[in-house]
Every structure is written in structure tokens, then in C-alpha cells.
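Chemist: Have a look at the structure that comes next, please.
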Amino acid sequence: MLCSISGTVAKEPVVSKKTGHIFERKLIEKVIKDTGLCPVTNEILDVDDLVEVQGGNTQVSRPESACSVPGLLTLLQNEWDSVVLELYQTRKSLQETRQELSHALYQQDAATRVIASLIREREEYRKRLESSERKSSEKHTKEPRDDEGAGEHPQKKARMALDASVIDAMTKASKALSVKRKDRKISDTVASMEDIEKFESQGAFPVHATRKGGILSVAVCPGRSLVATAGADSTVHIVDTANISAGIVLKGHDKRVTDVQYVTKSGKWLSCSGDGTVRLWQAEDDTQSSYSCQAVIELADVVQSKSSKKAKSAEVVSVQVHPTDDYFFSAAGDGSWCMFDLERQERLVRVGVDEPEPPSAYSTASLHPDGLIYCTGSEQADIKIWEARNQKPVASFVDHSGAIKSISFSENGYYMASAAEDGVKVWDLRKLKSIQSLEPKGTGATCVSFDYSGQFLAVGGAGVSVYGVKTGWSVLKQILDFPKKGVHSVAWGSDAKELFVGASDHNLRVFSCVM
């Protein structure tokens, strides 16, 4: 009985119940231990499937060629020839593989050069197109407004493209911030994970009217102890963290205030509302003890005559200040977003009004720390990333299944977090894909905010959860003592030592580490 593996007479023959092949016991047991498969048929084989075969005690005689020294030498010579021939075949195969690899690398390199050339040509054509559009827009002057003609509806047209000076300012700011970010080191004064775990409530301060509860946005003035809140009661409150109970009330909006932002260079505040306007607030003196409305910026195109009713504007859901502090962005519920000159309060561009298909209603928006990427989230659960300089969509995410409530960029420029009815997703902007899904306690998420160091992510929903970016997005702190309708907004204080929370009632809540 010959072994199916060695081809020699088996000393301890066994037969497989599954395949019927005969093997030497030692050889087949070793193969089963290594692979678990039959070496002949590749079927799953176990030691229990082997049956010992009883045979006579056969003495295997040596071949005649191995009974003399010349015969042994002949056997060894034949074995050596076989080894040399196999080595030659192996080297030949290796050489062919190397040639194939070299050819493939050459093809890949050639394809890369062709793609690079096509990309350069594409960018060249884009620049030419933008230049031609800019020249075309300069030829067409704005139509004169006629506010006195009854029944007249003059159009206030936005520019088709940004001026070269605006694009240049945005590009320079982005490069400077990018270089600064690479050299930036985390300050020693930033709160540690242990500090976050020790966060406790420092109080709930009633800053808005009780008749219409809800703080929809919280903004912190960097480098100062001022905090602004946007309320459902149509007002903006500016408070000093040293004395939150006594604050400044900014009145002027007709509907709920959806967002508020601080302009660092001028010390002004921007607020947007459901009444379709953005208001610019300026301090009346150096003490900043009182503010007045410097400008009311209408987002509606149509300005009707005095004899007719005022055009209904879509709700402005977000206002974002550009890092240069010279421009700001706004997003509205009619699926349009705009860029304005802050000093002149002039609209530079509007996107989404001339689309062939009705645009999605925006529910939130955010601006990248470099100022070149603008991100919008809609009620239809889609997220779009726009190149701010040419107003072109460069990416879109549709992984959420509910309306987008909030978007926040990490200061490192790599990560973006989005809150929606189905939870929170963290996106890697380098790979343009979701790298983490977070499910805070409760039903969905309403707001997200990275701290300035980029180490912590605060998520609001039924409560507030703080996640550690460098700890695999683990929960560092969870706070659940909030009204039934949950949290609307969160904002980090300086060095992540404080967390300001705007909930569905009229109270501003402050959490910090208790030493």
C-alpha cells in the first residue's frame, strides 16, 4: 500500500473515510495539524476521519541501485541534477516576474505623468473660465434701483465671481494659517482629560425670556470673558463670565435668532435670524457696556415698493466670520448661501438661487479654519463641501439618515464632525470619508463643537457628552441634567476649561473643572 503523499510503501497505513486515499500516519497527521485539509482533494479532514489499515509486516527491500557504492553515487547524481534543474527554473521564473514588474511600473509612471498633465490643463482652463466670467461680470453693471415706482420689483444682482483681490486675500490668509498650524503646539494650560472628567455645573443663569425658551447658539469671545447667546425670544444677550446674571440685551430681530458670531478684529458681533436678516452690532464706547445695530443686511433679492408688502425672506440658519475678519458667510433655509464684505455690508456672491433643480433647504453651515472650505448641511440629510473661492461643490456626504443639525471643524484642519437626528459622524477631510460614528445617549444629536486644541469634541442632544479625540473617541464626561427637549448649542471656553451649554429653556449653563 503506497502513501498518496510520499509515493512509498506506508509503514503505518491509514485510509481517509472521506476521500478513500491511503497515507502514512505520521505524514497525514502533520498535514492535518498544519492545514486541516486533505492534501490530495483539499477537503476538510480531521484525525478522526482516518482509519487504520491492517496489513502484513512487509519488509521493504532496497532497490538494486542502492546496494552498491556506484549505484548510490548514481542516485545522488540524479538527485543533484534534479535540484539544479529546479533552481534554474526558479531563477528563470524570477527573471520573468521582474520584467513584468518593471513593465507595470513603467506603465504606472507614464499614466501618472499623463494624469498630472491633464490636471494642469484642467486648472488652466478653470482659471481662464473664471477670468472670462469675471470680465463678463464687470461689463454688466448693476441695474438701477427704483424704489418709487409702484409695482416695480428691481433686482439686486450678485456678482458672478469674486474679485481677484478677494481671492488673493483669502489664499494668503489660508497659507499663513496653514503654516501657523503646522508649528502650533498644544499649550500646557489646556485642560487635561482628567480635568474634563471632573467637570461640574457652575450654575444655570436665566439670560433669555421665559415666554420663548431656548438658546439656539452660543459664541465665546476669544481672549476675553464675553459670551453671547442667541435666543428663540428674538434677542441676543452678551454676558461677562465673571457676572453672567447681568448682561447686555440686543434687540432688533423680528423672529428667533439662530446664530451669533464674534468679529475679532473690530470687536463687533454678527447675528442672523428667522426674519431673513443678518445684523451687525457695534459697541457704543470703549467699555463695551452697550451696543447698537450698525447695519441690517437683507438676504432677499426682491425689494418691493412701499405700497406693497415686504418680500418674505427665508430663515438665515448660520453666519460664519472668515479668518481675515473682512468677510462673512451666511446660509439660508431656501437652499442658498452668500458671502459678504463685512466693512461695506455688500454681498459678493450668492450660490443656490439659479440652480436648475430646487436646492435642499439648509439647516446649518460651518467654515473651515483656513477659510477656503464652506460646508453646508440640509434638512434632507446631505452635507456639501464648497470651494469658497469659486463657489464650486468639491465633495458631498450622504451617510446620515436625518436632518443635519450642526457642523464643526477641528482646528487641526483634518477632522469635521456633523450632528444629525441619527447621531454624530466624524469625517476625515483628507480621505473624504467617515472615520467614526458616535451615538450620544438619547434620541439623536443637535449640536457639536471641537475645542480650539482639537483634543475634545462636545456633543449635545438629550444631554452633553464630551469625547476624547486621542483616546479613540471614548466618552470622557457625560452630563444628563437638562430639560426634556434637550440641548441646542455648546461652546468651549478658553483652553477647554469651561463648557457653555444652551438648552431648550432660557438658562445658560456653565460647566468647569472643580479643583
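The values are calculated or read from the model by the stated rules, or taken from the named source; none is laboratory data. Please read all numbers here as calculations on a predicted model, not as lab measurements. No Cβ is skipped: glycine too gets one built from the backbone with ideal geometry, and neighbour counts run over all protein chains shown. Please note that ligands, DNA and RNA were not included when accessible areas were found on the heavy atoms of the full protein model with its side chains. Shrake-Rupley method; radii C 1.70, N 1.55, O 1.52, S 1.80 Å.
Chemist: Loop-only check: which trypsin sites (Lys or Arg not before Pro) in the range 472-515 are DSSP coil with at most 14 other Cβ within 10 angstrom? Write out the running numbers ahead of the final one.
Modeler: Numbers: sites: Lys477, Lys484, Lys485, Lys497, Arg509; in loops: Lys484, Lys485, Lys497.
Of the trypsin sites (Lys or Arg not before Pro), the ones in loops of the range 472-515 whose Cβ has at most 14 other Cβ atoms within 10 Å are Lys484, Lys485.
Chemist: Roughly what % antiparallel, to the nearest 5, for the DSSP beta bridges in the chain? All intermediate terms of the calculation are to be shown ahead of the outcome.
Modeler: Values: 119 of 119 bridges.
Approximately 100 percent, going by the DSSP bridge assignments.
Chemist: List the aspartates and glutamates whose alpha-carbon lies under 15 Å from that of Lys135, not counting same-chain residues fewer than 8 positions away?
Modeler: Hits, sequence-local ones excluded: Asp163.
Chemist: How big is the Kirkwood radius of the chain, worked out from every pair of different alpha carbons and given in Å to one decimal? Can you show the working numbers first?
Modeler: Numbers: mean 1/r = 0.0352 Å⁻¹.
28.4 Å is the Kirkwood radius here.
Chemist: Next question, about the same structure. Just the number, please: Stokes-Einstein D of the range 1-54 in µm²/s, Kirkwood Rh from C-alpha pairs, 4 °C, 1.567 mPa s. If you can, show how the numbers build up before the last one.
Modeler: Values: Rh = 10.6 Å.
For the chosen part, D equals 122 µm²/s.
Chemist: Among the aspartates and glutamates, which fall within straight-line cross-link reach of Lys11, defined as a Cα-Cα distance under 17 Å, with same-chain neighbours fewer than 8 residues apart omitted?
Modeler: Hits, sequence-local ones excluded: Glu24, Glu29, Glu52.
Chemist: Quick check: from the Cα gyration tensor, does the range 1-111 come out rounded (a/c under 1.5), prolate or oblate?
Modeler: Oblate shape, in that a/c is at least 1.5 and b/c is the bigger or equal ratio.
Chemist: Sticking with this structure for a sec: Multiply the residue separation of Ser401 and Glu200 by 0.36 nm, subtract the distance between their alpha-carbon atoms, and state the gained length in nm to one decimal. Show your work: numbers first, answer last.
Modeler: Values: separation 201, 0.36 × 201 = 72.36 nm, distance 3.34 nm.
Contour length minus the Cα-Cα distance gives 69.0 nm.
Chemist: So, one more: Rounded to the nearest 0.05, what FRET efficiency is calculated for Ser136 and Val353 with R0 set to 22 Å and r the Cβ-Cβ distance?
Modeler: That pair, Ser136 with Val353, gives E of 0.75.
Chemist: Now, a different point. Could you state the principal axis extents of the C-alpha atoms in the range 81-130, from the largest down, to the nearest angstrom?
Modeler: That gives 73, 7, 5 Å along the principal axes, largest extent first.
Chemist: Using +1 at the Cβ of each Lys and Arg and -1 at the Cβ of each Asp and Glu in the chain, identify which of Gly463, Ser165, Leu367 lies farthest towards the dipole's positive end.
Modeler: The listed residue farthest towards the positive side: Ser165.
Chemist: Averaging over all projection directions, find the projected area of the Cα convex hull of the range 311-454 and quote it in nm² with one decimal place. Write out the running numbers ahead of the final one.
Modeler: On the way: hull surface 37.2 nm².
Result: a mean projected hull area of 9.3 nm².
Chemist: Please compute the Kirkwood hydrodynamic radius of the range 378-515 from all pairs of different C-alpha atoms, in Å with one decimal.
Modeler: So the Kirkwood estimate lands at 15.3 Å.
Chemist: In whole Hz, what ³J(HN,Hα) sequence does the range 335-348 give by Karplus (6.51, -1.76, 1.60; θ = phi - 60°), x for Gly and Pro?
Modeler: Values, residue by residue: x, 10, 9, 10, 10, 10, 7, 5, 5, 8, 6, 10, 6, 8 Hz.
Chemist: With a Förster radius of 60 Å, plug the Cβ-Cβ distance of Arg181 and Gln95 into 1/(1 + (r/R0)^6) and report the FRET value to the nearest 0.05.
Modeler: Step by step, r from the Cβ atoms, then E = 0.75.
Chemist: How far is it, in nm, from the label point at Ser266 to the one at Asp109 when both lie 7 Å from their Cα along the line to the Cβ?
Modeler: Each label point is offset 7 Å from its Cα along the Cβ direction, giving 5.6 nm.
Chemist: For Thr210 and Gln77 in one chain, what is 0.36 nm times their gap in residues minus the Cα-Cα distance, to one decimal in nm?
Modeler: 37.7 nm
Chemist: If I fit a long axis through the Cα atoms of helix 164-183 and take the longest principal axis of the Cα atoms of the chain, what angle between them do I get, 0 to 90°, rounded to 10?
Modeler: Helix 164-183 sits roughly 50 degrees off the main axis of the chain.
Chemist: Multiply the residue gap between Arg122 and Gln436 by 0.36 nm, knock off their C-alpha separation, and tell me the result in nm, one decimal place.
Modeler: Values: separation 314, 0.36 × 314 = 113.04 nm, distance 3.39 nm.
Here the segment from Arg122 to Gln436 would lengthen by 109.6 nm.
Chemist: Can you find, among Leu72, Ser494, Ile435, the residue sitting farthest towards the positive end of the charge dipole of the chain, where Lys and Arg contribute +1 and Asp and Glu -1 at Cβ?
Modeler: Ser494
Chemist: Related question: Using the structure shown, list the pairs from Lys255/Lys484; Lys182/Lys405; Lys405/Lys484; Lys405/Lys485; Lys384/Lys433 with a Cα-Cα distance above 20 Å, or answer none.
Modeler: Working: Lys255/Lys484 23 Å; Lys182/Lys405 31 Å; Lys405/Lys484 18 Å; Lys405/Lys485 14 Å; Lys384/Lys433 13 Å.
Checking Cα-Cα distances, Lys255/Lys484; Lys182/Lys405 exceed 20 Å.
Chemist: With a 1.4 Å probe and all protein chains left in place, how much accessible area per residue does the chain have, in Å²?
Modeler: 56
Chemist: Further question: Sticking with the crude label model, points 7 Å out along Cα→Cβ, report the distance from Leu37 to Asp254 in nm, one decimal please.
Modeler: Between Leu37 and Asp254, the simple spin-label model gives 7.6 nm.
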